[in-house]
Amino acid sequence: MIKDDTYYMRIALNEAKKAYQKNEVPVGACIVCDGKVIARGHNLRENRKDVTKHAEIVAIQKACKNLNRWILDDCIIYITAEPCLMCAGAISQARIKKIVYGVASPKYGVCESVCDITNNQKIFTNVVINKGILKEEIEKLMKDFFKGLRKQ
């Protein structure tokens, strides 16, 4: 099996499904180093009552712990949704050089939607962005989740 961006995004999507099952906004993430998944995470804000428990932050914390370092410049982060400002800041601080995400986040995304912070060379240096991976599947999961919320 070829392990490409789609392969790893499926892992992030599985994390998003875990969030969905916990009644969290279904966002998932995974971090890959040398072709190996070293960390996974999904939204836990509602369950933990903690605004910082976004999928990306959870995954970054696990990656740092698993690698015993905070510089992740040899890692790739896969996220089902475009990162917000907080998460983009954490990605920048961790020095992650590649961000792959599935869908735009019109209200909070800072890679294309609200703004594009990744083009600011003072914050991000030579970051690669790949977007739209598994877009249709992720959009369906998000729409189903928010449709369910509106019914409550």
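Every number here is computed from the coordinates shown, using simple stated rules; none is lab data. All values reported here derive from a predicted model rather than from experimental measurement. All Cβ positions, even for glycine, are placed from backbone atoms using ideal geometry, and neighbour counts span all protein chains on display.
Modelled spin labels at Asp144 and Lys22, positioned 7 Å past Cα toward Cβ, are 1.9 nm from each other. Under 20 Å from a label point set 7 Å out along the Cα-to-Cβ vector of Met1, the amide N atoms of the stretch 39-60 belong to 39-42. In plain terms, the chain from Asn119 to Arg10 could stretch by 36.6 nm, reckoned as 0.36 nm per residue minus the Cα-Cα distance. In degrees, nearest 10, range 0 to 90: what is the angle between the Cα axis of helix 5-21 and the longest Cα principal axis of the chain? Its long axis makes an angle of about 40 degrees.
Within the chain, DSSP assigns beta bridges of which about 55% are antiparallel (rounded to the nearest 5). For a straight C-alpha distance cut-off of 13 angstrom, the aspartates and glutamates reachable from Lys3 (same-chain residues fewer than eight places away being disregarded) are Asp34. Between Trp70 and Lys107, the modelled label-to-label distance comes to 3.1 nm, taking each label 7 Å out from Cα in the direction of the beta carbon. Between Glu137 and Gln152, the modelled labels are 2.5 nm apart [label points 7 Å from Cα along Cα→Cβ]. Seen from every direction in turn and averaged, the convex hull around the alpha carbons of the stretch 69-152 projects onto 6.1 nm².
The alpha carbon radius of gyration of the chain, expressed as a multiple of 2.2 N^0.38 Å, is 0.97. Dividing the convex hull volume of the alpha carbon atoms of the stretch 1-77 by its residue count gives 81 Å³ per residue. Helix 55-67 sits at what angle to the longest principal axis of the chain, using alpha carbons and giving 0 to 90 degrees rounded to 10? Relative to the chain, helix 55-67 is tipped by roughly 40 degrees.
Over 22 Å apart at the Cα level, from the set Lys36/Lys143; Lys62/Lys143; Lys98/Lys135, are Lys36/Lys143; Lys62/Lys143. For a straight C-alpha distance cut-off of 16 angstrom, the aspartates and glutamates reachable from Lys22 (same-chain residues fewer than eight places away being disregarded) are Glu46, Asp50, Asp144. Qualifying trypsin sites (Lys or Arg not before Pro) in the stretch 76-152, where qualification requires a DSSP coil assignment and no more than 12 other C-beta atoms within 10 Å, comprise Lys107, Lys122.
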